[in-house]
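Read the structure below first, then the notes.
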Amino acid sequence: METVGILVFYNGSWVHKDNIESYEGGEAKGIIVSRNVTFSELVDRIYKITNADLNKYSLTLKYSVPLSSSAYKHLKVEDNDDVQYFLKYSTDVMTSRVTPLLATLKVIEGHGIHGCNGIVSIGNSNAPLVVVVRDRNEVIGDSGTENGVTGFNWKDWVEDVNFECVENIVADFCVPRNEEEAYSAPNVHPHRESNFQASMVQVTQVQYENPQQSSWTQMDTSQVHLVHGKSVEDIDYGGGLSCINWEANFKVGRVFPNKIALIKTLCLAAVRGHFRFRTVQSGKRRLCVRCRQLPCPWRLRAYKVGLHEFRVVKYDPFHECDLRYLSSHHPQASTGLLSDSVKRRFKDSRTIYTAGDIIKDVRQNFGVTISYSKAWRSRELALKIIRGSAEESYALLPSYCYELERTNPGTLTYIETDVANHFLYFFMSIGACIRGFKCSMRPVIAVDATHLKCKYKGVLFVATAFDGNRNIYPLAFGIGDLETDAAWEWFFTKLHCAIGDCSNLVVISDRNLSIENGLKRVFPEAAHGVCFYHLKGNMKASFKLKKRDPILGFFVRAAKSYRLAEFNRYFSMINNERVQTYLVRAGLHKWSRAHCDGRRYNVMTTNIAESINSVLRFARMLPVVHLIEEIRNMLQNWFSQRRDLSMKCKSMLCPDLGEKKLRKRLDAASRMNVVKINDMEYNVLDGDMNGLVHLQNYSCTCRKFDLEQLPCKHAIAVCRHLKLNPYSFASSYYTRATWAAAYAESIYPVPPQGTWVIPENVQNVNLLPPISKVMPGRRKTQRIPSKGEDSRERKCSRCGVKGHYRSTCKDAIPVTNKKQII
């Protein structure tokens, strides 16, 4: 009599989610019935499986038929014709997959209800799991299946099972494999004789305290199976080189989204399992691999189902590999596999993850040794996957600028190209920054440039201001090829378009001649000052001065002196005529505090551009669009944080500058004597050089009141004497209201690229990367230090000797004699 196998799912329920009806929960069991079985015989068999009472529960049988890639029809089995059609469909039509029979039990009215919504829970959910282990040629007794596809050969399975020893064998498809067991070595099957016959079935019982419910949805072959609750696309191969207990979980019937995903999973399983495989057959519709060492029986065969998916049709998981041929090098540890494993590390642009780190992590987690070149290629490929290529970034720049201007009104972006549409210059100024500068900042702008480290190199131009709380206020950014006259003039031209004509404007920079030439052409009325930090570094490098040389100390004191007499005294202490001549030519007598007027205050001591360059030191390696997005994200965070600080501030002036200085000067002012000259002028005796304060002119002979536009200690002493409010003599730039107005507006992020709606004229712009020149000669391995930069001598933390690092230390650690405590 011809028999067929039927996979029955029971003790579950139908769930409606996202307009899709699916069968979830419950248990599964395989039964063998006659090909001519009737509907009543099938129902009696299922009632016997569930141990349900025929008089108390009604049984509903269904199975799912795919109509298209996303539509399914659930057919009921209600009579003998339905049973025969189901058997015909499952055995003759759907030969490549198993079509389960889905059983639902409901309580008949008038009887007690056990469960909810009329769905009855039959059987013990904590029952032991019975796993049937068979011959190695076919894996059929797996612990479970996702999506209800098993691929069992029911006819052969029945012939090998001894039903006299095993009763009610239930394959619980809801319990996954033991995930606590690390996939560190392949399963080894015992050797067998050549004349091996079918062995007896062994039954193993495993108890799970909290078995998981199975979730099965009837899907077409184009759907993807779930692996431990995740789709194959969501699985990160390698988990960032930290998946100690990762398991390939191959099984007959498992579907992969495409051939590449299957091959990567095979490679990762081989690396984790310390074995190697070779491809026997590979084509558009099939893939067959086996273990490299013969006669090892490990093999896997998969066929294409649907549009791109591949299904495993045969799999033998056992190994008989000879351990004598193992090696620390693994051919399956390819660059693509390693890049998928380490790409998670590069999502943060500030992460420093070198090729040497990849080599160490691969050895630690996989036990495989890779070369430096392979680690470098995997790193570059991971960066390309996460951030895209530099060419794609330049092509995306016009669309990104359009979205940036749309989400942040008032934002200005300019892109300059050559005749062949190659990138030349870029300018960006956020609308919130422009409006905040015009209403809340002093007209003092610091400009500087720093080199980019991406594929096409270049220079990043920065223009920043200084708010009332001693914070950097970025105004504009630009990208160019080099610090040339043409590049700086173009940048200043676009900066003039952003801020317009600004009265009493002061621009601070280093002694770059291109900055000075471009500033004269675009801002002829603006004053140009030299940055104190750069001037000190240039002087230190030009005359080879040491870090603690007295000349540097006298220079700092002279530059920071407010009184002319004090400046002349410290300048005369620089007993080197060459240094004095250099400082005079550099403009120290013009831009020191003792010589400049109020609008030029502090231009000699601000190092704003250098500070913001240090913030962006990691972003300089990113492609151009990612670099701009990193700058925008930085501005967004700064505006949000400083807006919150200004709202929480309770003082009249900004806490870190105006309020702090006034409170510090109040202690000295309380010990001074005030002598009235007239209603507006007062002579304050401080025991040193004294100070003549003029309240109407907001001035004092110490010049701090004039330059800082904050009451000096002499002016505070007069306010205490006259019982006046010292805050009324402070400039509005230092007030909390002005500080809050500078960050009142918000900077909004650019939406994801998939949601962009770009006009056709912007999409048609084909922006090409800049034409880069490769300089001849060997590449430099060390960074060229800036002028005046101190070269710190490293000291090994292992042996304590200077001149090398711990990673390159080759010296033996000396043994020190320790005193024994008696």
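The values are calculated or read from the model by the stated rules, or taken from the named source; none is laboratory data. It should be emphasised that the depicted structure is a prediction, and the values quoted were computed from it without experimental measurement. All Cβ positions, even for glycine, are placed from backbone atoms using ideal geometry, and neighbour counts span all protein chains on display. Ligands, DNA and RNA are excluded from the accessible area calculation, which covers all protein heavy atoms including side chains. Shrake-Rupley method; radii C 1.70, N 1.55, O 1.52, S 1.80 Å.
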Over all directions, average the projected area of the Cα convex hull of the stretch 632-689 and note it in nm².
6.9 nm²
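What does the accessible area per residue of the stretch 615-762 come to in Å², with a 1.4 Å probe and no ligands, DNA or RNA counted?
53 Å²
Specify whether the C-alpha gyration tensor of the stretch 358-408 places it in the rounded, prolate or oblate class, a ≥ b ≥ c being the square roots of the eigenvalues: rounded for a/c under 1.5, otherwise prolate if a/b is larger than b/c and oblate if not.
Judged from the Cα gyration tensor, the stretch 358-408 comes out prolate (a/c at least 1.5, a/b above b/c).
Report the far tail of the P(r) of the stretch 338-461, meaning the percent of Cα-Cα pairs longer than 19 Å. If you can, show how the numbers build up before the last one.
On the way: 4989 of 7626 pairs.
Everything past 19 Å amounts to 65 percent.
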Histogram of C-alpha separations across the stretch 656-773, 10 Å bin width, %
12, 32, 16, 8, 8, 11, 11, 2
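With a cap of 16 neighbouring Cβ atoms within 10 Å, and only residues DSSP puts in a loop, list the trypsin sites (Lys or Arg not before Pro) found in the stretch 678-780. Write out the running numbers ahead of the final one.
Values: sites: R703, K704, K713, R720, K723, R736, K773, R778, R779, K780; in loops: R703, K723, K773, R778, R779, K780.
Sites meeting the loop and neighbour criteria: K723, K773, R778, R779, K780.
Take the eigenvalues of the Cα gyration tensor for the stretch 387-513, scale each by 5, and report the square roots as semi-axes in whole Å, largest first.
Details: eigenvalues 128, 64, 35 Å².
One finds semi-axes of 25, 18, 13 Å for the stretch 387-513.
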Considering only DSSP states other than H, G, I, E and B, which trypsin sites (Lys or Arg not before Pro) in the stretch 323-365 qualify as loop sites with at most 11 other Cβ atoms within 10 Å?
K347, R350
Provide the packing ranking of 368-375, 650-657, i.e. peptides ordered by the mean count of other C-beta atoms within 10 Å per residue, highest first.
650-657, 368-375
Give K455/K547; K457/K810; K494/K773 a once-over and call out the pairs whose C-alpha atoms are over 31 Å from each other.
K455/K547; K457/K810
At a 1.4 Å probe, what is the % contribution of carbon and sulfur to the accessible area of the stretch 354-499?
55 percent
Of the candidates M652, H714, L695, the farthest towards the positive dipole end of the stretch 641-744 (Lys/Arg Cβ +1, Asp/Glu Cβ -1, centred on the Cα centre) is M652
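Beyond 25 Å, how much of the Cα-Cα pair distribution for the stretch 274-383 remains, as a whole percent?
Working: 2425 of 5995 pairs.
Of all Cα-Cα distances in the stretch 274-383, 40 percent exceed 25 Å.
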To the nearest Å², the heavy-atom accessible area per residue of the stretch 343-416 with 1.4 Å probe amounts to 50 Å²
